[in-house]
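> Can you keep this structure in mind? I'll have questions shortly.
What follows is calculated from the coordinates using simple rules that are stated; it is not laboratory data. All values derive from a computational prediction rather than experimental measurement.
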Amino acid sequence: MDWIREHLPYLAFFGGLVLLTWVMLRRVWTRQRKSKKETSNAPLVHVSHAVDRPFTMSGGPNDLQRWQSEMLTITRQFQAELNTKIHYLQQAMTLAQQDAKRLQALLDAAQQKGIDVKSRAIDPLQQALEVAAQFDADAAPDFGVVTETLCDAKKKNELYALSDEGKSVEEIAAVMEMDPIAVEMVLSMRG
């Protein structure tokens with residue numbers, strides 16, 4: 001007992017060191033367990049997706065998001081260009097209809113004066129106007145289909161394969177269940 005009393009400060013010091021070492025080791029082990037749980041193979045964030053969710057890459061890497069943004073910009077440019085061409089075509093149709101009415105009036109005036117007028121000149125114009133009347137300016141291509149096709153390698157390669165086989169744009173559109181204008185846009189972007 002004398003030995004314990006004599007060495008009590010030393011025993012308390014070493015006991016404190018053992019206790020401190022134990023506490024520090026427990027902290028290290030706890031941190032290691034937490035970090036192992038955080039870096040496991042489980043996904044960091046689980047996002048449930050509906051089956052009919054539209055195609056998007058909004059959760060993708062930055063490069064894919066940048067690419068999708070560029071594709072949407074190109075799509076808007078195509079749409080603006082098509083709208084401009086449609087506008088010019090409508091103006092040209094209006095002018096052609098005015099010229100056809102003027103020509104018809106001149107032909108009627110010539111017939112009243114007894115001049116023999118052949119209708120060969122007006123028939124092609126009349127046919128062109130009938131075809132133009134079937135044109136629907138509001139029927140723009142579905143640009144979402146273009147983007148989806150360009151993003152889906154399987155669809156894009158299938159479309160290119162049909163084109164390589166020599167199929168027409170209308171045939172490809174029927175097989176792929178797409179708008180012919182959308183097929184032309186995808187084919188025009190082929191590298």
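> Any idea what log10 I(q)/I(0) is at q = 0.21, 0.27, 0.35 Å⁻¹ for the range 67-106, Debye with uniform C-alpha scatterers and no solvent?
-0.67, -0.81, -0.98
> Hey, which lysines would be in cross-link range of Lys167, C-alpha to C-alpha under 24 Å, not counting anything within fewer than 8 residues on its own chain?
Lys154, Lys155, Lys156
> Which of the lysines could a cross-linker span from Lys113 if the Cα-Cα distance has to be under 24 Å and same-chain partners fewer than 8 positions apart are dropped?
Filter leaves Lys101.
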